Structure formats: structure tokens, C-alpha cells
Amino acid sequence: MIDNNFFHIGDEMLTSLAFARMKNRGLEYLDAGMYRFIHRYWGMHERQPIQHFNPVLAHLPADKVWIAESGIDNKPFVPSEFIARYNRHLRLFRFLNKIRNAIKI
């Protein structure tokens, strides 16, 4: 039985279980991160802009809430527009974080 207070955001737990099951069945898989297909980018904690890594796919775990609140529209996805919005988000977040740290909230 799972406790009613159990709560998890993300699929890491399920993904880890799936990979473990694949391994137990003798299946092999390719680590996309090793081949620079995907890059985990930690937003404000990164020193380089996301463009520096030029990933095919970017995993933005620290920005899940921003992505969820960004909304989805019917326009085609344009990477350059998304990166521009994302960079504005990071600049605002970093600025507000500096203010918060300066006044010790």
C-alpha cells in the first residue's frame, strides 16, 4: 500500500525502475548524455549560457515550474524564441535572488 501523502514530481523514479528492468532482461541502451545528445542544465547555477552546450535536447530540472507556467500555445516551437524567453527568465531570477540575498529574506 502507498501512503496517501506520497508525492513525487518527475519521472526519474519510474525511469530508473524501467532501466533496471531492461538491464535484468539483458537489454542494452545508449546513454544519450555521454554522446552530448542531451544536456542537464541547472539554470541559475550554471556559469555558461545554455547555448554554449548546444544540446539536441536540454533537460531543465531546476526550471520545471517556469516551464509548466509558461503555457503551451498552438504556435510551432522555435528554439531561438524559447532560449530568448528562458534567458530573460534566468536574468530576472538571478536579479531577484541577488536582491533577496542582499536583504537576507
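The values are calculated or read from the model by the stated rules, or taken from the named source; none is laboratory data. Keep in mind it's a predicted model, so treat the numbers as computed, not measured. Methodologically, a virtual Cβ is constructed for each residue, glycine included, from the backbone with ideal geometry; neighbour enumeration extends over all protein chains shown. Remember, those area values only see protein heavy atoms, side chains included, never the ligands or the DNA or RNA. Shrake-Rupley method; radii C 1.70, N 1.55, O 1.52, S 1.80 Å.
General remarks:
- Dipole size of the stretch 26-105 about its Cα centre, with +1 on Lys/Arg Cβ and -1 on Asp/Glu Cβ: approximately 580 debye, rounded to the nearest 20.
- Cα long-axis angle, helix 79-103 against the chain (0 to 90 degrees, to the nearest 10): 70
- Rounded to the nearest 500, the helix-only mean residue ellipticity at 222 nm of the chain stands at -14500 deg cm²/dmol, with each DSSP H run of n ≥ 4 adding -39,500 (n - 2.57).
- Where labels lie 7 Å past Cα in the beta-carbon direction, separation of Trp66 and Leu14 in nm: 2.6
- When each of Lys23/Lys64; Lys23/Lys75; Lys64/Lys98 is checked by Cα-Cα distance, pairs over 32 Å: Lys23/Lys75
- Å² per residue, accessible surface of the chain at 1.4 Å: 90
- Using alpha-carbon coordinates, inclination of helix 12-24 to the longest axis of the chain, degrees: 30
- Amide H contacts of Gly33: Ile38, each under 5 Å away and 5 or more positions distant or on a separate chain (H built 1.01 Å from N in the peptide plane; Pro and chain starts excluded).
- Interchain or long-range residues, amide H under 5 Å from Ala58's placed H: His39
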